[in-house]
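Read through the structure below, which is laid out as C-alpha cells, and then see the notes.
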Amino acid sequence: MPDPTTDGPDGLPQPAKWWQSGVIYQVYPRSFQDSDGDGVGDLTGIRRRLPHLVELGVDALWISPIFPSPMADFGYDVADYTGIHPLFGTLADFDALVAEAKALNLKVLLDLVPNHTSIAHPWFQEARSGRASPRRDWYIWRDPAADGGPPNNWRSEFGGSAWAYDPDSQQYYYHAFLAEQPDLNWRNPQVAAAIHEAMRFWLRRGVDGFRVDVIWHLLKDQDFRDNPPNPDWREGSNPYFQLQPLHTTDLEEVHGVIAGLRRVVDAFPERLLIGEIYLPVERLGAYYGAHLDGAHLPFNFALLEAPWEARALADLIARYEAALPPGAWPNWVLGNHDRPRVASRLGAEQARVAAMLLLTLRGTPTLYYGDEIGMTTVPIPPDRIQDPYEKNVPGLGLGRDGVRTPMPWDGSPNGGFTDATPWLPLDANFPENNLMQHRGAPASLYTLYQTLLRLRRAHPALAVGRYQPVGVAGDLLLYVRAHAGERFLVALNLGGAPAVATFAPGADGRILLSTFCDRVDEPVTGALALRGAEGVVVRLEPEAAWPRLAALGAAAPA
Ligand code: GLC
Ligand code: MG
C-alpha cells in the first residue's frame with residue numbers, strides 16, 4: 001500500500017496524520033455497555049466492547065464526558081476535571097481502557113468542557129462565597145440592571161435568560177446553558193492555566209486528544225452589549241434564536257484562547273484538538289487558526305441539517321471546500337448525541353447512501369455509535385424524559401434523549417446492554433434490529449459500513465485523496481477521489497427512482513461497492529445505471545478518461 005499523503009500547507013505532499021486518514025467513533029458512555037448492573041453504561045463496559053470498534057474498522061473513539069458531575073446536563077456539567085464519576089468507574093478503569101485501546105491500535109479522545117463548570121465544582125463554590133473571593137473572577141458576574149433584572153438580554157441556549165441571580169452577593173452570573181452550568185471567565189489567565197493543567201493530566205495518561213465542547217462560546221463581549229433581534233426568527237422555532245448571538249458567540253478574540261489550547265496539545269506528539277462549532281461552513285475556516293494554530297478539526301455539522309438533495313449537497317461540499325484555509329484538513333459528521341439520528345432524518349434507504357457519502361468525502365469522518373446498525377431516534381414516553389433541554393424548552397422536538405438510547409448488541413433482554421432497567425428505554429425494535437442481526441449478514445447496513453471502512457484503508461485515495469466534483473444529474477451526485485495514480489468515481493442516487501448517468505466515452509471502470517452490497521466487479525463503460533437510493537464506488541481504470549457527464553439530467557433505464 002502506498003504511503004498515504006495529503007497536501008501540506010506548502011502544497012507539497014506530506015505524510016498523513018492518523019487523524020486525517022482515520023475515522024472517529026463517538027461513544028455516549030451512559031448508553032454503550034453497562035458492566036455493573038446499574039442500568040447505566042460505564043468504562044469497563046466500553047473496554048469490553050472495544051473489539052466491536054476494531055471489527056467495524058474505525059481508528060479512534062471519542063467518549064462523551066465521564067468526569068464527576070451532578071449530571072444536570074449528563075456530564076456536561078463537570079465538578080472535577082481530573083476525576084472519573086463513580087457511575088462510570090475509577091481512574092484505574094480508565095487507565096485499563098486506554099491500555100486496552102492502545103493494544104488494539106485505537107486512539108482515545110476525551111470530551112473537554114472548558115466553557116462552563118458545574119455549580120458543584122469547588123471553583124464555583126468558592127467564587128460564589130462572596131464578592132471578595134479570590135476565585136470570584138473565574139466566572140462572569142454582573143450587577144443587576146437598574147430595575148433589578150438581568151444585566152442584559154443574553155439568552156441561555158437551554159431557554160430563558162442566561163443570567164442567574166445569586167441572592168447572597170446580589171449579583172448575576174452568566175450561564176450559556178443551564179443555571180447549573182456557570183460559564184468560566186476565559187479572560188482570566190488563571191482559568192486558562194487551570195484548564196490547561198487538566199488537559200495535561202489526561203494527555204500524560206495517554207489520551208490522544210480532545211473534542212472541545214462549545215468552543216465558539218468561550219468568550220463573550222467585554223462590554224456586555226445586548227444581542228440584536230433576529231428578523232428571521234419564527235414563532236414555534238427555538239426561542240434561543242429570537243436574538244442573534246452576536247455578542248455571546250464566535251468572537252474574533254476566541255481564536256487566541258483556542259491557540260492556547262492547541263499549544264497544550266502540541267506539547268505532546270501526535271495529539272488532536274477538535275472543536276464543537278455550530279456555525280455556517282463559511283465561518284469554520286477561522287477556527288483552524290490564522291496560522292493553522294487553532295483546532296485541527298473544527299467540527300463540520302453541515303450534513304446534520306443539509307437538505308438531502310443532489311444539487312444542494314454538491315453546493316454545500318463546494319462551499320465548504322472553498323472556505324478551508326490552505327493546508328486545513330476537512331471533516332464531516334453525520335450524527336451526534338445532540339441531533340436526530342441519520343436513519344430517522346433520511347430513512348433507512350438513504351441512510352445507506354449517507355454512509356457512503358460520509359466515508360468517501362474528503363475529510364475525517366465522525367460516526368455516532370449505533371448509526372452503523374441504523375439506530376433511529378426513539379420516542380421517549382413523557383415519564384421517562386431525562387434531558388433538561390426537553391424539560392426547559394418542551395414540545396419543540398429539541399430533546400435529545402431519543403438519540404441517546406442504549407446500544408442493542410443482541411436479542412437478549414435489554415439488547416445485552418444491561419441486566420437492570422436501562423436509564424433510557426431501548427428502541428422497541430431491538431429484538432429485530434441489533435448488532436447480532438447485522439453481523440455477517442451480506443447486505444446489512446453494518447456490513448456496508450465495514451466494507452466502506454475496509455476500502456478506505458485499502459485505498460488511500462478514498463481517505464486522503466483529492467476531491468474533484470464531476471457534477472449533478474437529477475438526483476445523482478457524482479465526484480472523484482484521486483491519489484497516487486488511483487481514481488475512484490463515487491455516484492450517489494439521493495432519490496428513490498432508478499437513474500442513469502451517461503459519460504463521454506473512455507471513463508471506464510469497475511464497481512468496487514454498491515450500497516446494496518452487490519454488483520462487485522461489474523464493468524462500467526459509458527453509462528452507470530443506479531437503482532433508487534443506490535450509491536456506488538467505481539474504480540476507474542488507470543488509463544480511463546476523466547468521467548464527464550455527457551448529458552445533464554439522468555434518464556431512467558430502458
Ligand atoms: C454541547 C454538548 C451538549 C451539551 C452542551 C452544553 O453542545 O454537545 O450535549 O448539552 O454542549 O455543555
Ligand atoms: Mg454501569
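Filtered by the rule that a residue be in contact with a Ser or Thr (Cβ under 6 Å, 6 or more places away or on another chain) and among the hydroxyl-bearing types (Ser, Thr, Tyr), region 32-68 gives Ser35, Thr44. Of the numbered criteria (1) touching a Ser or Thr at 6+ places or on another chain (Cβ under 7 Å); (2) surrounded by fewer than 20 Cβ atoms within 10 Å (Cβ to Cβ), the one Gly397 fails is (1). Of all residues in region 434-455, count the ones that are assigned to a helix (DSSP H, G or I) and of a type outside the set (A, V, I, L, M). Looking only at that region, the number is 8. From the list Ala193, Ala179, the one residue that fits, being away from ligand 1 (no atom under 16 Å from the Cβ) and either modelled with pLDDT of 95 or more or touching a Ser or Thr at 6+ places or on another chain (Cβ under 7 Å) (or both), is Ala193.
Evaluation of Met375 against the conditions (1) buried (at least 20 other Cβ atoms within 10 Å of the Cβ); (2) closer than 24 Å to Leu448 by Cα; (3) touching a Phe, Trp or Tyr at 6+ places or on another chain (Cβ under 6 Å) shows that the sole unmet condition is (3). Just one of the numbered conditions (1) over 24 Å from the mean Cα position of the chain (by Cα); (2) within 16 Å of ligand 1 (Cβ to nearest atom) is not true of Tyr165: (2).
Any residue at all in region 283-291 that's of a type in the set (A, V, I, L, M), closer than 20 Å to Thr366 by Cβ, at pLDDT 95 or above and crowded, with 16+ Cβ neighbours inside 10 Å? The answer is yes; a qualifying residue exists. Pairs meeting the criteria (first residue in region 333-353 and away from ligand 1 (no atom under 15 Å from the Cβ), second residue of a type in the set (Asp, Glu), beta carbons under 6 Å, at least 6 apart or on different chains) are Val342/Asp371. Scan region 330-355 residue by residue and report those that are farther than 23 Å from His217 by Cβ and either surrounded by fewer than 20 Cβ atoms within 10 Å (Cβ to Cβ) or among the charged types (D, E, K, R) (or both). If the condition is that a residue be farther than 23 Å from His217 by Cβ and either surrounded by fewer than 20 Cβ atoms within 10 Å (Cβ to Cβ) or among the charged types (D, E, K, R) (or both), then Arg341, Ser344, Arg345, Leu346, Gly347, Ala348, Glu349, Arg352 are the ones that fit.
Does Arg311 qualify as being charged (D, E, K, R) and closer than 27 Å to Gly209 by Cβ? Break it down stepwise before answering.
Numbers: charged (D, E, K, R): yes; closer than 27 Å to Gly209 by Cβ: no.
It is false that Arg311 is charged (D, E, K, R) and closer than 27 Å to Gly209 by Cβ.
For beta carbons closer than 9 Å, sequence separation of 6+ or different chains, a first residue in region 446-475 that is in contact (Cβ under 8 Å) with a residue 40 or more places away in the chain and a second that is surrounded by fewer than 20 Cβ atoms within 10 Å (Cβ to Cβ) and basic (Lys, Arg), the qualifying pairs are Tyr446/Arg439; Thr447/Arg439; Ala463/Arg457; Val470/Arg548; Gly471/Arg548; Val472/Arg311. Residues considered: Ala527, Ala545, Ala499, Ala504. Of these, the only one that is hydrophobic (A, V, I, L, M, F, W, C), under 17 Å from Arg311 (Cα atoms) and either in contact (Cβ under 8 Å) with a residue 12 or more places away in the chain or buried (at least 21 other Cβ atoms within 10 Å of the Cβ) (or both) is Ala499.
Scan region 515-524 residue by residue and report those that are in contact (Cβ under 8 Å) with a residue 40 or more places away in the chain and either of a type outside the set (A, V, I, L, M, F, W, C) or surrounded by 21 or more Cβ atoms within 10 Å (Cβ to Cβ) (or both).
Listed by number, the residues that qualify are Thr515, Asp518.
Summed over region 178-191, residues that are buried (at least 16 other Cβ atoms within 10 Å of the Cβ) and either in contact with a Pro (Cβ under 9 Å, 6 or more places away or on another chain) or basic (Lys, Arg) (or both) total 5. Annotation note: of Gly45, Gly75, Gly39, Gly57, the sole residue that is over 19 Å from Gly206 (Cα atoms), away from ligand 1 (no atom under 16 Å from the Cβ) and under 21 Å from the mean Cα position of the chain (by Cα) is Gly57. Residue count for region 352-398 satisfying the condition of being modelled with pLDDT of 95 or more, farther than 28 Å from Pro469 by Cβ and of a type in the set (Gly, Ala, Ser): 2.
Taking the criterion of being in contact with a strand residue (DSSP E or B) (Cβ under 7 Å, 6 or more places away or on another chain) and closer than 21 Å to Trp186 by Cα, the residues of region 259-283 that qualify are Leu261, Arg262, Val265, Leu273, Ile274, Gly275, Glu276, Ile277.
Here is a check on your reading of the model: is Glu390 within 16 Å of ligand 1 (Cβ to nearest atom) and either assigned to a loop (DSSP other than H, G, I, E, B) or in contact with a Leu (Cβ under 8 Å, 6 or more places away or on another chain) (or both)? For Glu390, the condition - within 16 Å of ligand 1 (Cβ to nearest atom) and either assigned to a loop (DSSP other than H, G, I, E, B) or in contact with a Leu (Cβ under 8 Å, 6 or more places away or on another chain) (or both) - is met. Taken together, the criteria exclude Val214 from residues that are away from ligand 1 (no atom under 16 Å from the Cβ), surrounded by 20 or more Cβ atoms within 10 Å (Cβ to Cβ) and within 27 Å of the chain's Cα centre (by Cα). Just one residue in the set Arg466, Arg456, Arg439 is modelled with pLDDT of 95 or more and either within 19 Å of Val353 (Cα to Cα) or of a type in the set (A, V, I, L, M) (or both); that residue is Arg456.
The values are calculated or read from the model by the stated rules, or taken from the named source; none is laboratory data. Note that the structure is a prediction, hence the values are computed from the model and not measured. Neighbour counts are summed over all protein chains in view; Cβ atoms, including those assigned to glycine, are modelled from backbone coordinates with ideal geometry.
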